[in-house]
Each structure stands twice: as structure tokens, then as C-alpha cells.
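Everything below concerns the one structure shown next.
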Amino acid sequence: MNNRRAAFWLLYLPPMAWLGLFFLAPLLLMAAFSFRANMRGELLQWWTPTLAQYQSLLTESGYWRLLGISAGMALAVAASATVLAYPLAYFLAFRAGRRAGLYLALLLVPFWTSFLLRVMAWKFLLGSEGGINSLLIYLHLIQEPLTALLYNRTAVVITLVYVWVPFSALPILAALQRVDPALFEAAADLGAPPLRQFTRVALPLSLPGVLAAFFMAFIPTIGEYVTPLLIGGSSGSMYGNIIQDFFTKSTDWPLGSALSLVMLVGTLVLVAVAVRLIDVPRLIE
């Protein structure tokens with residue numbers, strides 16, 4: 001028993017220490033900075049806590065409006081990526097056969113390149129001289145390049161959907177692989193057509209993976225700032241961009257910390273409400 005306990009703590013303490021040092025400690029520091037009046041003086045000097053930053057947030061409606069826009073964009077990206085990823089996962093689980101490993105490797109090929117390079121590729125693709133405009137001009141569908149394809153929130157959503165589809169397919173695939181194929185055979189023996197088999201067997205049993213895929217895309221997207229910066233421009237800014245500006249350009253870490261904490265709490269509340277409203281075990285039954 002003592003050996004098992006020692007092995008448990010030996011395996012348990014290092015990751016917990018790592019998590020506390022590089023995840024919890026920065027969060028606590030950010031929360032502390034949000035109660036600081038300004039950045040005058042030493043970085044870690046003692047300061048008198050104040051709610052001035054949160055009062056600024058309450059009086060400035062632009063922050064809340066941008067947070068709502070970012071939440072809506074994250075919802076659109078997560079829903080679109082999940083819907084597009086489901087057929088891929090279904091094909092890999094039930095139709096790919098022996099080539100499933102090869103197709104899965106092809107699905108993961110984008111992970112082998114830098115995230116920044118993938119985003120920049122979409123910038124070139126959507127640009128005035130990019131692939132889409134060049135094709136449309138070649139087909140004589142337009143006379144001049146379309147400028148509306150880039151530097152707006154639609155371009156940001158399209159790019160982020162592309163980024164998150166491979167990620168979203170993985171938890172759905174994991175859920176579908178746990179479905180017993182004998183259930184489809186039983187449903188077919190009872191006279192259920194393929195569509196009925198999907199809606200009554202595959203979809204309900206894969207809902208945990210679907211929800212995991214949705215939140216996997218939703219949570220990082222709501223605070224995204226790299227893609228809006230490169231693809232969205234000034235017209236496609238998201239909530240994460242103003243946080244970045246306060247930490248870099250304005251050097252207003254207290255206000256940036258308050259904005260970050262509000263986004264974190266808001267995201268956790270949304271996830272908690274969604275999990276509370278969606279009774280996954282009941283849906284599976």
C-alpha cells in the first residue's frame with residue numbers, strides 16, 4: 001500500500017506542480033493585476049486594490065458589444081466546424097475501412113505546419129490577387145477583384161472554421177469508434193432505413209463527442225486575436241484584439257487583465273449553462 005501511495009504521489013505531483021506554475025499562477029497574477037489602478041512603480045510592488053478597471057468596463061458599452069460580437073463569431077465557427085467535421089469523422093469510423101489510418105493522417109497534415117502559415121495562406125487566397133478572385137476573373141464571373149473577401153469578420157469566420165475542422169473531427173471520431181456496429185445491424189433487421197439508423201443510433205451515441213468538438217472550437221475562438229489581426233483588419237477585430245492592445249501598445253495591464261478576466265468568467269458561465277441545459281445522458285437514452 002505504501003509503495004502504491006508513493007508511486008501515486010510521484011506521478012501526481014510533477015504535473016500538478018507544472019499546472020500550478022504555468023497555468024494557475026498566471027491566472028491568479030492576472031486577476032490581481034485587474035485590481036491595480038495603473039502600472040506606475042515596480043511590477044510586483046504592493047498596491048491598494050481598486051475596482052476602477054471594472055468600473056471602466058461597466059461604463060464603456062463598446063467592450064461589451066465587442067464581446068458579444070466575438071461570442072457570436074465563436075458560436076458560428078464552432079457550430080460550422082462541428083457540422084463539417086461530423087461527416088469526416090463518420091466516414092473514418094464506418095466507411096474508410098483499412099485506409100482509415102491513411103485518411104486520418106491526411107486529415108492531420110495541417111497540424112504539421114505552423115498555425116501562422118495556415119492563416120497567411122488564407123490571406124493570400126482571399127486577397128484581391130488571390131486564388132478565388134483569379135478564378136472568378138478567369139471564368140468571367142467578375143470584372144474586378146472582390147475586396148469584400150478579406151479584412152472583415154466573414155473572412156475571419158471562414159479561416160477559423162478551416163482551422164478548427166480537423167480538431168473538431170477527433171473527439172467525434174473517438175465517440176463514433178465506441179459505437180458497436182452490431183447496433184446498426186440490429187436496427188436494419190428491425191426495418192430502420194440508413195437515415196433512421198443514423199438519427200437513432202449514431203447521432204445520439206456520438207453526442208458527447210459532438211459537444212466536446214463544439215466547445216473545443218468555441219472556447220479558444222472567443223479570445224482569438226491572431227487570425228482577426230491578419231485576416232480581419234480593422235473591420236474584423238475581436239475581443240482578444242483589444243486585450244492584446246492593452247498589454248502591448250497601451251501598456252495598460254490592469255485594464256487588459258480585467259477584460260481577460262471578464263471574458264474568462266463569461267466563457268465559463270456559458271459553458272456551465274450549456275452543460276446544465278443539455279442533458280447528454282438523457283439524449284443518449
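The values are calculated or read from the model by the stated rules, or taken from the named source; none is laboratory data. For clarity, every value in this text was computed on a predicted model and none was experimentally measured. Cβ coordinates were reconstructed from backbone atoms using ideal geometry, including for glycine residues, and neighbour counts include every protein chain displayed.
Here's a check for you: in the range 131-156, which residue that is among the small types (G, A, S) and farther than 30 Å from G68 by Cβ is surrounded by the fewest Cβ atoms within 10 Å (Cβ to Cβ)?
G131
Examine the range 210-231 for a residue that is of a type in the set (D, E) and buried (at least 19 other Cβ atoms within 10 Å of the Cβ), and state whether such a residue exists.
Yes, the range 210-231 contains a residue that is of a type in the set (D, E) and buried (at least 19 other Cβ atoms within 10 Å of the Cβ).
Regarding A192, is this residue surrounded by fewer than 18 Cβ atoms within 10 Å (Cβ to Cβ) and in a helix (DSSP H, G or I)?
Spelling it out, it is not the case that A192 is surrounded by fewer than 18 Cβ atoms within 10 Å (Cβ to Cβ) and in a helix (DSSP H, G or I).
Answer yes or no as to whether P204 is over 19 Å from L84 (Cβ atoms) and in a helix (DSSP H, G or I).
Yes, satisfied.
Cβ contacts < 7 Å: first residue within 25 Å of W122 (Cβ to Cβ), restricted to the range 232-252; second residue surrounded by fewer than 20 Cβ atoms within 10 Å (Cβ to Cβ) and of a type in the set (S, T, N, Q), any location; separation 6+ or different chain. Result?
Once the first residue is within 25 Å of W122 (Cβ to Cβ) and sits in the range 232-252, its partners that are surrounded by fewer than 20 Cβ atoms within 10 Å (Cβ to Cβ) and of a type in the set (S, T, N, Q) give G232/N152; S235/N152; G236/N152.
One line per residue, one yes/no per condition, for (1) modelled with pLDDT under 90; (2) surrounded by fewer than 22 Cβ atoms within 10 Å (Cβ to Cβ); (3) among the charged types (D, E, K, R):
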position: F167; (1), (2), (3): no, yes, no
position: A174; (1), (2), (3): no, yes, no
position: D180; (1), (2), (3): yes, yes, yes
position: F184; (1), (2), (3): yes, yes, no
position: R200; (1), (2), (3): yes, yes, yes
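Residues that are in contact (Cβ under 8 Å) with a residue 12 or more places away in the chain and among the acidic types (D, E): does the range 129-140 have at least one?
Yes, some residue in the range 129-140 is in contact (Cβ under 8 Å) with a residue 12 or more places away in the chain and among the acidic types (D, E).
Here is a check on your reading of the model: is V179 in contact with a Leu (Cβ under 6 Å, 6 or more places away or on another chain), touching a residue at least 40 places away in the same chain (Cβ under 8 Å) and not acidic (D, E)?
yes
Exactly one condition in (1) under 17 Å from the mean Cα position of the chain (by Cα); (2) among the acidic types (D, E); (3) outside any loop (DSSP other than H, G, I, E, B) is false for D245; which is it?
(1)
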